[in-house]
Structure formats: structure tokens, C-alpha cells
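Just below is one structure, and these are the notes that go with it.
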Amino acid sequence: MLPALIVLFLVLALIGYLVGIYNGLVRVRAGVKLAWSNIDVLLAQRHDELPKLVEVCRQYMQYESTTLERVMRARTGVDAARSSGNVAGLGAAEQELRSGLSGLYAVAENYPQLKASEPFKHLQDRISALETAIADRREIYNDAVNTNNVRIAAFPDVLVAGLGNFPEAQLLHLQAAQTADVDLKAAFSG
């Protein structure tokens, strides 16, 4: 009788241990999803602000339609990558958007009335704040991805991860030009 109780206790302890590992994996996977969701919220906010910026610029920059269209195309690319959860595509789309915004700000330098307008200043500050927040959230996302990927690769978690639906998450890699914030203030100083 005593050996059967010991075996039962060991089996229950093992099951409890495996359930603990599974629940831990669920938590880190949820952390990755939450971190992505936080980036998604900020990207959506920036997505909503960009047409306002382009419209304010359009009122002053009558002959710069290609610059404005480039920003809007890039905005569409970021939104498509964001909506589909395509982490790799988001990195490339972000580069295109940053390039388009840099071009827009460089061209806007030739329009002093635009730089002095309150709506432009407000949108400039808003987009700059969103860019900073997005950069912060990228770091949090990559930390969550790293935690997830280490957990699903480490023993004994790898055994439980292999039985469950715990795929490796993808880091949000950015090229060197993408890691620098768009410096809106510098673009309009002078």
C-alpha cells in the first residue's frame, strides 16, 4: 500500500510540475502577444495622425504631391504589416515610412508658413511622441520574445512546448537607420 501511495504522489507531483511549466509557457506567450498589441496601438495612433499631417502640409505645399504620396504609400505598407502581424514586413515598412517622413520634413523646410502653423506644430509634437513610444514598445516586445524563445528552448520546458502550441516568436529587427528616431524638431529648426 505504501509503495502505491509513493508512486501516486510522484505521478501527481510530476503532473503538477508539467502543468506549472505549461502555464508558465502560456504566460510568456501571452506576454509576447500583449507586447505586440501595445506596439499595434501606437502604430494605429500614428496611422491616424499621418493623414492629418499630410493634409496640413498639402495646404501649403501645392507642388510637392509626390512627397506627400510617398508618405501615404508608406503609411499603407506599415498598416498592412501591422494588421497581418508581419514582424519582418513591419521593419521594412517602417524604414520606408521614416524615409518618407524625412523627405517630407526636408521639403517642409522651404515653407516657413507651414512650420509656423499651430496644427503642424501640434502634429509634429504628437508624431514625435508616438515615435518615441513605439521605440520603447519595440524594446519591451523584443524582451518578451526573448523570454518566450528561451523558455521554449530550455529543458524541460522544450518537452512541454513541443507537445503544445508554443512556436518561436520573431524579434522585431530594425536596420540601423530605423533605430534612430525621426528628429522632427531638428528638421524644423533654423
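So for His122, His47, fewest C-beta neighbours within 10 Å to most, what's the order? Before the final figure, lay out each step's value.
Details: His122 14, His47 18.
Ordered by Cβ neighbours within 10 Å, fewest first: His122, His47.
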Computed ³J(HN,Hα) along the stretch 65-80: with the Karplus parameters 6.51/-1.76/1.60, θ = phi - 60°, integer Hz and x for glycine or proline, the list is 5, 5, 5, 5, 5, 4, 4, 5, 5, 5, 4, 5, x, 5, 5, 5
Among the stretch 41-81, those whose backbone N falls under 14 Å of a label point 7 Å along Cα→Cβ from Ile140 are 41-43
Which of Leu12, Leu68, Leu25 fluctuates most in a GNM of the chain (C-alpha springs under 10 Å)? That residue is Leu12
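What is the mean projected area of the alpha carbon convex hull for the stretch 16-187, to one decimal in square nanometres?
Values: hull surface 41.0 nm².
That works out to 10.3 nm².
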For the chain, the longest principal axis of the Cα atoms and the Cα long axis of helix 118-153 enclose an angle in degrees, to the nearest 10, of 20
The ³J(HN,Hα) series, computed from each phi in the stretch 97-104 with the Karplus coefficients 6.51, -1.76 and 1.60 at θ = phi - 60°, rounded to the nearest Hz and given as x for glycine or proline, is 5, 4, 5, x, 5, 4, x, 5
A chain fully extended from Arg126 to Glu69 at 0.36 nm per residue, minus the present Cα-Cα distance, gains in nm 18.5 nm
HN-Hα couplings for the stretch 106-117 via Karplus (6.51, -1.76, 1.60; θ = phi - 60°), in whole Hz with x for Gly/Pro, come out as 5, 5, 4, 4, 7, 10, x, 5, 5, 4, 8, 6
Measuring from its Cα centre, the chain shows a charge dipole (+1 at each Lys and Arg Cβ, -1 at each Asp and Glu Cβ) which, in debye to the nearest 20, is 260
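Each reported figure results from applying straightforward, stated rules to the coordinates on display, with no laboratory input. Everything quoted here is computed from the prediction, not taken from an experiment. Note that we place each Cβ from the backbone using ideal geometry, even for glycine, and neighbour counts take in every protein chain shown.
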